[in-house]
Amino acid sequence: MYKSSADKPIGFWSAVSMGIGAMVGAGIFALLGEASAISGSAVYISFIIGGIIALFSGYSLSKLGARYPAAGGIVEYLTQAWGSGFFTGAMSIMLYLAAVVSLSLIAKAFGNYAFTFLPKGTNPLWHHAFSVGIVLLFVVINLQGAKDVAIWERLTVAIKFAVLTGLAIAGIVYLKPELLSPSLYPPVKDIFFSLSITFFAYEGFRVITNTAEDMPDPARTLPRAMVAAILLVMLLYVAVAFAVFGNLPTDKVIAARDYALAEAALPIFGHLGFVVVAVAALISTASSINANLYAVTNVTYQLARDGELPAAFGQPIGHSREGLVISGLLVIVLSLLFDLSQIASIGSISILFVHAVTHLGHLRLARETGASRLLVGLAALLSLVAMGLALVYVSQRSDTVVQVLLGFVALAAGMEFLLQRLHGRRILPRLP
């Protein structure tokens, strides 16, 4: 049914705020310290490079979203570009796995910040207990039929954005320039290698494309909203990086990598500042877990309905679906098996791979979308280069991450092969 403009409530600023809310989440609270272990006080350069890659990707995805305004987002774009065969089905499963990885990182971050409230000398296993506990809590809440969390999401976006902005402004006011001297920077290759972590802090930008269906004029509004949201978030990340490394020596940031933002508030605001930032991190991560569990459950239900995940994912349980329980268990397993930097690397590489495939497919649709082939080609190239750099870095330090990534690809391909053999169903385009 056609919707009038009055029935389409998502305007420019609504889309921008949704994009900011999706990006400025657990990523910056969790990953700044991990990224600093690679690129030191030059981590702000890595955030700028990551933001530039996100801008090109955002341009490509926004043009696709304006032409194909479907709630399925990237799955719809892949189907339009590559058809409804084996490849598209396997990529949709890869998207699901990337979402689970993202959730495990958020759970890990919650555990790290919660642990800071315990006395010194506490058994480090409490890290895991908090991470597992928060996932189980929200699985149970969602099984009881959790209501729409939109109001709480808006509130938590306001809280975390206010806290980060306040920390950034105060940190820059009291900044010690000598701590940011280029003489302290690591080799240039390390700044690029840290993209394996910093890009993950932008990965939420693609949710803006899911609002296209509810925009009065998506062709005009969506690209503008995408660019504005990414630029504002990049500015915030760079300002926070300046604030942190302008007040703390790099070795102290690395030592407190699990809660680096809270530690950076200490010399500026004292213990109260540490507590405020840590509480904001807990609120932000808890809210993200709840919202993402809800979203992942909906995605798994749709994929199971289309035969792209086992039917068990779509079976009712309580007031939700079994996909909620299965996804929750996978999140717990990943959070227990890997540390933050490993999870971030797995997530970044997975997402960059999916983005690159989507942009390459977009080149086949450029006449339909009206997009610049040059800009879309650059989006694909930058995604592939960033993915390559990340693979080189993690392969030098951990065979485990590479093995997990290969396992994800094999799992996605194997599941798709079996499901097509068993069900004979394929993802079909929702739009002409």
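The values are calculated or read from the model by the stated rules, or taken from the named source; none is laboratory data. Because the structure is a prediction, the values reported are computed rather than measured. Backbone-built Cβ (ideal geometry, glycine too); neighbour counts: all protein chains shown. To get the accessible areas, we keep the full protein, side chains included, count just its heavy atoms, and leave off ligands, DNA and RNA. Shrake-Rupley method; radii C 1.70, N 1.55, O 1.52, S 1.80 Å.
Full extension of the chain between ARG224 and LEU418 gives 65.7 nm of extra length, using 0.36 nm per residue less the Cα-Cα distance. Phi angles across the stretch 179-189 convert, under the Karplus curve 6.51 cos²θ - 1.76 cosθ + 1.60 with θ = phi - 60°, into 3J(HN,Hα) values of 6, 9, 4, x, 5, 8, 5, x, x, 4, 4 Hz, Gly and Pro given as x. Accessible-area rank, largest first, for GLU416, GLU178: GLU178, GLU416, with all protein chains present and a 1.4 angstrom probe. Near HIS362: Cβ cut-off under 15 Å, other residues only, Lys/Arg at +1 and Asp/Glu at -1. The net charge is +4. With contacts taken as Cα pairs under 8 Å and at least 6 residues apart, the stretch 233-286 reaches a relative contact order of 24 percent.
Each helix, a run of at least 4 DSSP H residues, gives -39500 (n - 2.57); summed and divided by the residues of the chain, these come to -25000 deg cm²/dmol at 222 nm. Taking Lys and Arg as +1 and Asp and Glu as -1, the other residues whose beta-carbon sits under 15 Å from that of ASP190 total +1. Multiplying the residue separation of GLN403 and LEU336 by 0.36 nm and removing their Cα-Cα distance gives an extension gain of 22.4 nm. So which of LYS160/LYS252; LYS108/LYS252; LYS120/LYS252; LYS108/LYS160; LYS108/LYS189; LYS120/LYS176 end up more than 25 Å apart by C-alpha? In this structure, LYS108/LYS189; LYS120/LYS176 exceed 25 Å between Cα atoms. Between the stretch 383-424 and the stretch 222-242, the alpha-carbon centres lie 29 Å apart.
Ordering 75-85, 50-60, 367-377 by mean Cβ neighbour count within 10 Å, with the highest value first, yields 50-60, 75-85, 367-377. For the stretch 48-138, the relative contact order is 18 percent, taking Cα pairs closer than 8 Å that sit 6 or more residues apart in sequence and dividing their mean separation by the residue count. Share of carbon and sulfur in the accessible area of the stretch 341-425 stands at 64%, probe radius 1.4 Å.
Less than 5 angstrom separates the built amide H of GLN315 from those of GLU322, GLY323, all sequence-distant by 5 or more or on a different chain.
For the residues ILE28, ILE268, a 1.4 Å probe over the protein chains yields an accessible-area ranking, largest first, of ILE268, ILE28.
Among the trypsin sites (Lys or Arg not before Pro) in the stretch 18-126, those located in a DSSP loop and surrounded by at most 12 other Cβ atoms within 10 Å of their own Cβ are LYS120. Ligands, DNA and RNA are left out, and with a 1.4 angstrom probe the accessible area of the chain is 41 Å² per residue.
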